[in-house]
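Quick notes on the structure that follows.
The values are calculated or read from the model by the stated rules, or taken from the named source; none is laboratory data. As the structure is a prediction and not an experimental result, all values here were calculated from the model. Cβ placement follows ideal geometry from the backbone for every residue including glycine, while neighbour counts extend to all protein chains displayed.
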Amino acid sequence: MATIKQGLELKQKQKLSPLQIQTIHLIELPIQELEQKIRSEIEENPVLDDSPVQDSEENSDETKDVSIDESLDSDGGIPDYKLHVNNSGKDDNRSQNNIMSFQESFTQSLLEQLGYRHLSDREYKIAAFLIGSLDEDGYLRRDIESIVDDLAFKASIETDSEEVLRLLRIIQEFEPYGVGARNLQECLLIQLQVQERDCRSKETENAIRVIRDYFKDFSNKHFDRIMNRLSLSRAEMRSVIDKIVKLNPSPGGQIDDSYNDKAQQIVPDFALTIGEDGEFKLSMPRFTIPEIRVNRSYAQLLKETDNTSGRQQKEAAAFVKQKIDSAKWFVEALKQRQNTLESTMRAILNYQHDYFVDGDESNLKPMVLKDIAEITGFDISTISRVVSSKYIETHFGIYPLKFFFSEGLENSEGNEVSTRELKKALREIVDNEDKSKPLTDDQLVAMMNEKGYKVARRTIAKYRNQLDIPKASQRKDI
């Protein structure tokens, strides 16, 4: 029979404090989301008040706001701390960053054009159902027969494929041209036919013949075969290609289906300038330090309830203390966030000093999260949160912090070079190649080796995919 024994066991367990949890969350937020978080915290915590104190109020006996330090005695159970937070910038004209505009949606645009057509109520309902069946890019990828069935079951409209196709052709006449197509070939043909109707030309006629009769050959870039079968010269084929590549393969993408910021833009968390002495000057322009205070009414309530024993008074005092503790953690987390971001960014600047002088990518050193973690003393996970969704504005452009991190490979001289430098060299080789005879991956390996970069064929294929460079057969031109 098993016996039951009692004993002591010592275990080490990691537990994060509320301050640590809040700091981790704030570190991940980019500057715009941080400002929203601060406003939300002020709205949810009635103790906090960030409104500026007027001179007249400071000398008045009816001052509405006081410092938290001034409102609490040292024996009140709340430790002293100074509340200064970063939640506004020197340029407080925020309306420019929050201009909202309502754009007419893709579906509404088509329905409005449908309203100008002389259709019966039944035809209008069928056409509207077709518009509602379009994908975001403007294509109708559903089978016509299935649409006929759905109209019967969902809309109680008996119709046939012929009528649906007739109404679909009406929709295909709407702007943006190409909408309602069932595949890419039909989308391009619709746009070319509109161009031919508006302005007939030999180039448009040839382009229509190519897309209509030799779309597969054109997609596979078998241009010589098309020229032979259509008796086109090299100049004529080049004109056809130029016309086709200017067409829109995704007509529905021209109109957004949502609310958007009219002037949506990246707001950098850091700004870097170089002084006359050549030294870097790093700042966080959107992050200044106004004072957050406790509302006097809550401070007075806490004082009045210190010497009372009523239940409601105790509950009120506990509520105020809880809110003040929450404010303390929030402000302290903001301070730690600023110190962490600034320390990390300065470590990146020192590590990549040569690059930040002029922005030459060849001076970008291989750098991983571990390198910055060792310099700053922070954990790798903390560095990862810092660089996530953060941007820096330099004298040569705005870049995400992740841009400066890359692995490295050795060159022929034994020096470690950044993979970004390798990708830049690969891109230059491809951009300067003869498009009539594009380089294969093996040839790219040979040319990279000539430049002093020892890379394998699979590495070239990987970098080519990351740079969105198609295979040699897909890069061929006439």
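Look at the stretch 33-45: where a residue is farther than 17 Å from VAL320 by Cβ and at pLDDT 80 or above and a partner is part of a helix (DSSP H, G or I) and aliphatic (A, V, I, L, M), sitting 6+ places away or on another chain with Cβ atoms under 8 Å, you get LEU34/LEU26; LYS37/LEU26; ILE38/LEU334. Could you check, for the stretch 184-204, whether at least one of its residues is over 19 Å from LEU110 (Cβ atoms), modelled with pLDDT of 90 or more, more than 34 Å from the chain's Cα centre (by Cα) and not in a helix (DSSP H, G or I)? The answer is no, given that none of the residues of the stretch 184-204 is over 19 Å from LEU110 (Cβ atoms), modelled with pLDDT of 90 or more, more than 34 Å from the chain's Cα centre (by Cα) and not in a helix (DSSP H, G or I).
What pairs come out if I take residues in the stretch 271-291 that are within 16 Å of VAL357 (Cα to Cα) and pair them with residues that are hydroxyl-bearing (Ser, Thr, Tyr) and at pLDDT 75 or above whose C-beta lies under 7 Å away, six or more apart or interchain? Hits for this filter: ALA271/SER283; LEU272/THR394; LYS281/THR273. Would you say GLY397 is at pLDDT below 85 and either more than 30 Å from VAL47 (Cα to Cα) or of a type outside the set (A, V, I, L, M) (or both)? No, not satisfied.
Taking the stretch 413-432 as the range and being touching a helix residue (DSSP H, G or I) at 6+ places or on another chain (Cβ under 9 Å) and farther than 22 Å from PRO366 by Cβ as the test, only VAL430 passes.
Give the residue, chosen from GLY132, GLY180, that is more than 30 Å from LYS435 (Cα to Cα), surrounded by 15 or more Cβ atoms within 10 Å (Cβ to Cβ) and within 38 Å of the chain's Cα centre (by Cα). Matching residue, one of GLY132, GLY180: GLY180. Against the condition hydroxyl-bearing (Ser, Thr, Tyr), in contact (Cβ under 8 Å) with a residue 12 or more places away in the chain and closer than 30 Å to HIS118 by Cβ, how does TYR177 come out, does it pass? In short, yes.
Considering every residue within the stretch 145-156, establish whether at least one is touching a Pro at 6+ places or on another chain (Cβ under 7 Å) and surrounded by 18 or more Cβ atoms within 10 Å (Cβ to Cβ). No - not one qualifying residue is present in the stretch 145-156.
Residues are listed down the side, and each one gets a yes or a no for (1) crowded, with 16+ Cβ neighbours inside 10 Å; (2) of a type outside the set (Lys, Arg):
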| site | (1), (2) |
| --- | --- |
| LEU189 | yes, yes |
| ASP198 | no, yes |
| LYS202 | no, no |
| PHE223 | yes, yes |
| MET237 | yes, yes |
| LYS243 | yes, no |
| LEU247 | yes, yes |
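Specify the residue that is farthest from ARG225 (Cα to Cα); the eligible residues are those in the stretch 447-478 that are part of a loop (DSSP other than H, G, I, E, B) and small (Gly, Ala, Ser). Step by step, filter the stretch 447-478, then rank; the result is GLY452.
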